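J.: Please see the structure below; I have some questions.
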Amino acid sequence: MTGPHTGSAPEKRGFFCGKAGYYARYRRPYPPGVFDTLISRFGIAPPARILDLGCGTGHVAIPLAKRGFCVYAVDPDPEMRKEGYRQAKAGHIRGITWLDGADSTLATLGLPPPRVCTMGLSFHWMDRPAVLATLDTLIEPGGGIACISRNDGFFSHLHDGWGGAVRDVLCEMLGDAWDYSGRLKKKMNNEVDRHEEVFLQSPFCAVEIVRFPVREMLTADDIIGHQLSTSYIDPVVIGERNTEFCDRLTARLLALEPSGIFPDESTIELIIARRP
């Protein structure tokens with residue numbers, strides 16, 4: 001396992017500045033069945049090479065490395081890579097090479113051809129048609145892409161749970177500036193094509209979608225920590241107003257559910273995309 005490489009300043013660094021610790025702790029892990037399905041669909045076995053593009057703190061890279069795969073974990077955010085490296089080292093997990101890179105620089109990294117490219121909650125940040133064209137030049141014949149997403153954010157819980165409390169506190173504290181990345185505004189206005197639609201117009205147009213329903217019990221701390229890991233909260237919340245945000249949201253959540261325990265249902269979606 002090699003350490004996190006440094007290089008040119010990544011794009012969009014500000015959206016996740018100071019959030020790597022929250023991301024590693026509060027972003028929930030994917031269940032083993034997601035990785036079992038990914039491996040079986042592509043028929044791969046260790047030590048096959050896997051490129052994890054937009055790896056963050058290693059929620060995909062680390063479980064795959066545990067299974068013996070050779071993982072190239074690529075991300076433009078140095079704090080995310082550093083935290084992922086720390087997590088892997090603490091778990092005595094080998095087989096991950098952490099690299100500074102993004103969709104726009106992928107072709108310049110000189111990576112050996114991977115069998116599979118994974119993307120966990122990262123594809124939406126990329127120039128999706130362009131990166132799929134680049135991956136077509138890199139991925140081995142017979143390989144493909146596994147794109148993982150999940151609807152566990154507050155936006156998916158506006159009408160059936162705690163999402164309204166999160167939205168109200170964000171609006172009270174930050175007004176229209178809370179959607180710092182602008183991504184959720186585009187989503188609400190239906191300005192973003194679904195991932196499978198983009199795949200269908202790419203070299204990887206043989207698409208299969210596998211869904212995994214997940215039921216969990218969340219605490220107020222789980223919900224608050226998840227918000228502090230996101231791109232849409234202005235970084236000022238992480239600094240001088242962090243305590244105020246936590247106190248306000250805690251009070252709002254406990255008013256909604258005095259036990260502080262929230263049953264939560266979400267869906268993980270695994271898109272398997274191959275060349276026809």
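The values are calculated or read from the model by the stated rules, or taken from the named source; none is laboratory data. These numbers come from a predicted model, not from an experiment. Ideal geometry is used to build each Cβ from the backbone, glycine not excepted, and the neighbour counts take in all protein chains shown. Side chains are part of the model used for accessible areas, which takes the heavy atoms of the whole protein and leaves out ligands, DNA and RNA. Shrake-Rupley method; radii C 1.70, N 1.55, O 1.52, S 1.80 Å.
J.: If you take the residues of the stretch 211-240 that are of a type outside the set (Asp, Glu) and open to solvent by 60 Å² or more (accessible area, probe 1.4 Å), which of them is nearest to THR37 (Cα to Cα)?
T.: ARG211
J.: Every residue in the stretch 16-31 that is open to solvent by less than 30 Å² (accessible area, probe 1.4 Å) and assigned to a loop (DSSP other than H, G, I, E, B), please.
T.: Correct list: LYS19, TYR30.
J.: Related question: Name the residues in the stretch 241-276 that are open to solvent by 30 Å² or more (accessible area, probe 1.4 Å), within 30 Å of VAL198 (Cβ to Cβ) and either in contact with a helix residue (DSSP H, G or I) (Cβ under 6 Å, 6 or more places away or on another chain) or of a type in the set (Ser, Thr, Tyr) (or both), would you?
T.: THR267
J.: If you take the residues of the stretch 77-93 that are assigned to a loop (DSSP other than H, G, I, E, B) and modelled with pLDDT of 95 or more, which of them is nearest to ALA273 (Cα to Cα)?
T.: If we take residues in the stretch 77-93 being assigned to a loop (DSSP other than H, G, I, E, B) and modelled with pLDDT of 95 or more, then ILE93 is nearest to ALA273 (Cα to Cα).
J.: When you scan the stretch 32-61, how many residues do you find that are within 18 Å of THR97 (Cβ to Cβ) and either open to solvent by less than 20 Å² (accessible area, probe 1.4 Å) or in a loop (DSSP other than H, G, I, E, B) (or both)?
T.: Total satisfying the criteria: 16.
J.: Related question: Which one is nearest to ARG41 (Cα to Cα) among residues in the stretch 143-154 that are touching a Phe, Trp or Tyr at 6+ places or on another chain (Cβ under 9 Å) and modelled with pLDDT under 95?
T.: SER149
J.: Within the stretch 86-103, which residues are touching a Ser or Thr at 6+ places or on another chain (Cβ under 9 Å) and either surrounded by fewer than 20 Cβ atoms within 10 Å (Cβ to Cβ) or not aromatic (Phe, Trp, Tyr) (or both)?
T.: Matches in the stretch 86-103: ARG86, GLN87, ILE96, THR97, LEU99, ASP100, GLY101, ASP103.
J.: Turning to a different aspect of this structure: Go through (1) modelled with pLDDT of 95 or more; (2) of a type in the set (Ser, Thr, Tyr); (3) surrounded by fewer than 18 Cβ atoms within 10 Å (Cβ to Cβ) for TYR72 and report which single condition fails.
T.: (3) is the only condition that TYR72 fails.
J.: So, one more: Please list, ordered by first then second residue, the pairs with beta carbon atoms under 8 Å, 6 or more apart or interchain, first in the stretch 198-223 and touching a residue at least 24 places away in the same chain (Cβ under 8 Å), second among the acidic types (Asp, Glu) and crowded, with 20+ Cβ neighbours inside 10 Å.
T.: VAL214/ASP152
J.: Something else now. Can you confirm whether ALA73 is in contact with a Phe, Trp or Tyr (Cβ under 9 Å, 6 or more places away or on another chain) and under 28 Å from THR267 (Cβ atoms)?
T.: Considered against the rule, which asks whether it is in contact with a Phe, Trp or Tyr (Cβ under 9 Å, 6 or more places away or on another chain) and under 28 Å from THR267 (Cβ atoms), ALA73 comes out as yes.
J.: When you scan the stretch 250-276, how many residues do you find that are over 23 Å from ARG150 (Cα atoms) and part of a helix (DSSP H, G or I)?
T.: The number of residues fulfilling the criteria is 6.
J.: Provide a single number: the residues in the stretch 104-115 that are surrounded by 18 or more Cβ atoms within 10 Å (Cβ to Cβ) and over 25 Å from THR230 (Cα atoms).
T.: 2
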